[in-house]
Amino acid sequence: MITQTRRQTIGDTLRRSRLRYPNKLALKWKDTELTYRELDEKVNQLANYMVASGIQKGERIAFLATNCLDFVVVHYAASRAGAIAVPINFMLNPKEVSYILGHSEPVGLFVTPKQLETAEAALSDADLSSLRLKVLIDTEEGQGDWQPLSLVIVDQPTNEPSVEIDDQDVVNILYTSGTESRPKGVMLTHQNLVTEYVSCIIDFHFDRDDMLIHALPLFHSAQLHAFLGPSIYLGSSGVIVEAPQPQLLMETLSHEKVTQFFCPPTVWISMIRHPDFRPEFLSALRKCYFGASATPMEVLKEAGKILPQVRFWNTYGQTEVAP
């Protein structure tokens, strides 16, 4: 067992940023802002709830959720509790979600209200006997036997739970698209991901003073592990938006003075073709990353003319290699 001082887990990256920058903005979501200290404490509260509920090391915690602050909290809390996080594509239908639930056999499921109907239908089809925790996130209201996150963590301690974790333990199972067959669960360790974070920090020129926008789905390895994870590791700040809608992107990029932005070419094109688009909305932007599909040269040339102060990266990665 590696000592905590030398260990490199997902949870360790958050704790170290909290120790370096306790009062710095970590993440903003709508009207909520959390410093690194506040984020770390909320993560610990949920991790302690998981442990107190009998979650054992290596058991799976699934979540079916759109982008929100609680998504990040669940992801890091599972890591702290020694569990394996299983984020599920919220665009899947109940039968597809049911397959992933049946295959991964989670003991906990965290769901945003908009996905509750899909989750209920998937659970009915999966007949999941392993499930013990059913929690609604990004809401203050419970529904039926689903409790809201704010209620389950309210009395939990804010210190880290005492769980023996090694950085070679599996921390994520990310399911592939399944375009040619059934989705496959890609098992990634803390060491896989933290090593990849360092690569992104170096090659993408991350800086602790950056302001990122997390607009693409967090269930996917790109936004979650090529941008959110490295930014938490480094101690930079970020703003989460629910979806990459052109108007919302323009408003957020401008108002939050975002310096670092990742999107597919299709999202970029929809934004700059929007009738209300103005280059000055992106005046703070310095680094832009295209991914998920090849970027046409015409798009890159036009982007360079519109925003001469921005450096552009064309990125590619595979979930199977973290990513």
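How are the C-alpha pair distances of region 60-144 spread across 5 Å bins, as whole percents from the shortest bin up?
3, 16, 29, 27, 18, 6, 0
Which far-off residues, 5 or more places away or on another chain, put their amide H under 5 Å from the one on Lys184, with H placed in the peptide plane?
Under 5 Å from the amide H of Lys184: Thr176, Gly178.
Against the longest principal axis of the chain, how steep is helix 94-104, in degrees 0 to 90 to the nearest 10, with axes from Cα atoms?
With rounding to tens, the tilt is 60 degrees.
Tell me the label-point distance for the pair Thr32, Glu105, using the 7 Å Cα-to-Cβ offset, in nm and rounded to one decimal.
3.3
Tell me, what % of the accessible area of region 100-227 is carbon and sulfur with a 1.4 angstrom probe?
45
Looking at the chain only, what percent of DSSP beta bridges run antiparallel? Nearest 5 please.
Of those bridges, close to 25 percent are antiparallel.
Along the charge dipole of the chain, Cβ charges K/R +1 and D/E -1, which of Val43, Pro148, Val310 sits furthest on the positive end?
Toward the positive end, the furthest listed residue is Val310.
Whole-Hz Karplus ³J(HN,Hα) for region 59-76, in order, using 6.51 cos²θ - 1.76 cosθ + 1.60 and θ = phi - 60°, x for Gly and Pro?
Using θ = phi - 60°, the values come out as 6, 9, 10, 9, 9, 10, 7, 7, 4, 6, 4, 5, 4, 5, 4, 4, 4, 6 Hz.
Which value in Å does the Kirkwood hydrodynamic radius of region 130-169 take, with 1/r averaged over all unlike C-alpha pairs and then inverted?
12.5
When you count, for each residue, the other Cβ atoms within 10 Å and take the mean per peptide, how do 16-26, 188-198, 141-151 rank with the highest first?
The most tightly packed comes first, giving 188-198, 16-26, 141-151.
In region 123-245, with Lys and Arg counted as +1 and Asp and Glu as -1 at Cβ, which of these residues, Tyr233, His214, Val163, has the Cα nearest the positive end of the dipole, that is, farthest along it?
His214
Name the residues whose placed amide hydrogens come within less than 5 Å of the amide hydrogen of Val163, ignoring near sequence neighbours (fewer than 5 apart) on the same chain.
Close amide H contacts, sequence-distant or interchain: none at all.
How large a share of the accessible area of region 232-316, in percent, is made up of carbon and sulfur atoms when the probe is 1.4 Å and the other protein chains stay in place?
On region 232-316, the fraction of accessible area on carbon and sulfur atoms equals 57 percent.
Just to be sure I understand: with springs between alpha-carbon atoms less than 10 Å apart, which residue in Asp138, Asp70, Asp127 has the highest mean-square fluctuation in the Gaussian network model of the chain?
Of the options given, Asp127 has the highest mean-square fluctuation.
For region 120-125, in order, what is each residue's ³J(HN,Hα) by Karplus, 6.51 cos²θ - 1.76 cosθ + 1.60 with θ = phi - 60°, in whole Hz (x at glycine and Pro)?
4, 5, 5, 5, 4, 6
Report, in cubic angstrom per residue, the convex hull volume of the C-alpha atoms of region 16-82.
82
At 1.306 mPa s and 10 °C, plugging the Kirkwood radius over alpha-carbon pairs of region 4-117 into Stokes-Einstein gives what diffusion coefficient in µm²/s?
Answer from the Stokes-Einstein relation: 106 µm²/s.
When the dipole is taken about the Cα centre of region 97-136, and only Lys, Arg (+1) and Asp, Glu (-1) are charged at their Cβ, what size is it in debye, to the nearest 20?
So the dipole magnitude of region 97-136 works out to roughly 180 debye.
So how strong a dipole does region 36-181 carry about its Cα centre when Lys and Arg Cβ are +1 and Asp and Glu Cβ are -1, to the nearest 20 debye?
Dipole about the Cα centre, nearest 20: 60 debye.
Can I get the semi-axes of region 206-323's equivalent ellipsoid? Compute them from the C-alpha gyration tensor as square roots of 5 times the eigenvalues, in angstrom, largest first.
So the three semi-axes of region 206-323 are 21, 17, 13 Å.
Could you work out how far the C-alpha centroid of region 234-269 sits from that of region 48-90, in angstrom?
If we compute the Cα centre of each part, the gap is 25 Å.
Which is farthest toward the positive dipole end of the chain among Ile272, Leu224, Ile61, measuring Cα position about the Cα centre, with Cβ charges +1 (Lys, Arg) and -1 (Asp, Glu)?
Ile272
Which value, in debye to the nearest 20, describes the size of the charge dipole of the chain about its Cα centre when Lys and Arg Cβ atoms bear +1, Asp and Glu Cβ atoms bear -1, and nothing else is charged?
That gives a dipole near 860 debye.
Apply 1/(1 + (r/R0)^6) to the Cβ-Cβ distance of Leu19 and Glu141, taking R0 = 25 Å, and write down the FRET efficiency to the nearest 0.05.
0.10
Give the dimensionless ratio obtained when the Cα radius of gyration of the chain is divided by 2.2 N^0.38 Å.
Ratio of Rg to 2.2 N^0.38 Å for the chain: 0.97.
So what's the projected area for region 36-189, the Cα convex hull averaged over all directions, in nm²?
8.8
Going by amide H atoms built from the backbone, whose H comes under 5 Å of the H on His214, apart from near neighbours?
Val239, Ile240, Val241
Would you kindly derive the ³J(HN,Hα) couplings of region 16-30 from the backbone phi angles with the Karplus curve 6.51 cos²θ - 1.76 cosθ + 1.60 (θ = phi - 60°), listing them in order in whole Hz, with x for Gly and Pro?
Running phi through 6.51 cos²θ - 1.76 cosθ + 1.60 with θ = phi - 60° gives 5, 5, 4, 5, 7, 10, x, 9, 7, 4, 8, 9, 10, 9, 6 Hz.
Sorting check: for 202-214, 219-231, 249-261, which peptide has the highest mean count of neighbouring beta carbons within 10 Å, and how do the rest follow?
Ranking the peptides 202-214, 219-231, 249-261 by packing returns 219-231, 249-261, 202-214.
The values are calculated or read from the model by the stated rules, or taken from the named source; none is laboratory data. Just so it is clear, the model here is predicted, and its values are computed rather than measured. A quick note on method: Cβ atoms are made from the backbone with ideal geometry, for glycine too, and the neighbour counts reach across all protein chains shown. Just the protein is used for accessible areas: all its heavy atoms, side chains included, with ligands, DNA and RNA removed. Shrake-Rupley method; radii C 1.70, N 1.55, O 1.52, S 1.80 Å.
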